[in-house]
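Once you've had a glance at the structure underneath, I'll fire off some questions.
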Amino acid sequence: MEERGAGYLRVGVKNGGCAGMEYVMDYATAPEPLDEVVEDNGVTILIDAKAVLFLLGSEVDFEVTPLHEKFVFNNPNQTDACGCGESVTIVPVAAD
């Protein structure tokens, strides 16, 4: 991330794909005012404020196999995914 001049990785979701939503990741130089800042195992990730209810309880891992290197989302709010794995159906957590 230092090579890109960014200190953070921002994670969010957007409408798209055949299953309805897609995970998005982007570099950020600083948190936005309403971003959720999550720190775990020495890693800091920013969660886009509009995506918090869709990503509550999620785990993000970086998977390395002989065929690919990619981020993998384990999201308890995800109810379905398209066959190619590029888009998902996510039900937001109900706000109390």
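Might you let me know whether the stretch 8-16 holds any residue that is in contact (Cβ under 8 Å) with a residue 12 or more places away in the chain, more than 18 Å from A81 (Cα to Cα), outside any strand (DSSP E or B) and under 10 Å from the mean Cα position of the chain (by Cα)?
no
Inside the stretch 54-93, can you point out the residues that are among the aliphatic types (A, V, I, L, M) and either without any contact (Cβ under 8 Å) to a residue 40 or more places away in the chain or within 13 Å of Y23 (Cα to Cα) (or both)?
The answer is L55, L56, V60, V64, L67, V72, A81, V88, I90, V91.
Right, next: Given (1) in contact with a Ser or Thr (Cβ under 9 Å, 6 or more places away or on another chain); (2) surrounded by 13 or more Cβ atoms within 10 Å (Cβ to Cβ), identify the lone condition not met by I45.
(1)
From the list L53, L34, exactly one residue is open to solvent by less than 80 Å² (accessible area, probe 1.4 Å) and either over 12 Å from V13 (Cα atoms) or under 15 Å from the mean Cα position of the chain (by Cα) (or both). Which is it?
Values: L34 fails: open to solvent by less than 80 Å² (accessible area, probe 1.4 Å).
Exactly one of L53, L34 is open to solvent by less than 80 Å² (accessible area, probe 1.4 Å) and either over 12 Å from V13 (Cα atoms) or under 15 Å from the mean Cα position of the chain (by Cα) (or both), namely L53.
For the stretch 50-88, enumerate the residues that are modelled with pLDDT of 90 or more, of a type in the set (S, T, N, Q) and farther than 24 Å from L34 by Cα.
T65
Right, here's the next one. Considering only the stretch 59-95, how many residues are under 14 Å from M25 (Cα atoms), in a loop (DSSP other than H, G, I, E, B) and open to solvent by less than 90 Å² (accessible area, probe 1.4 Å)?
Selection size over the stretch 59-95: 1.
The values are calculated or read from the model by the stated rules, or taken from the named source; none is laboratory data. No experiment lies behind these values; they were computed from the predicted model shown. Positions of Cβ are backbone-derived with ideal geometry, glycine not excepted, and every protein chain shown enters the neighbour counts. Remember, those area values only see protein heavy atoms, side chains included, never the ligands or the DNA or RNA. Shrake-Rupley method; radii C 1.70, N 1.55, O 1.52, S 1.80 Å.
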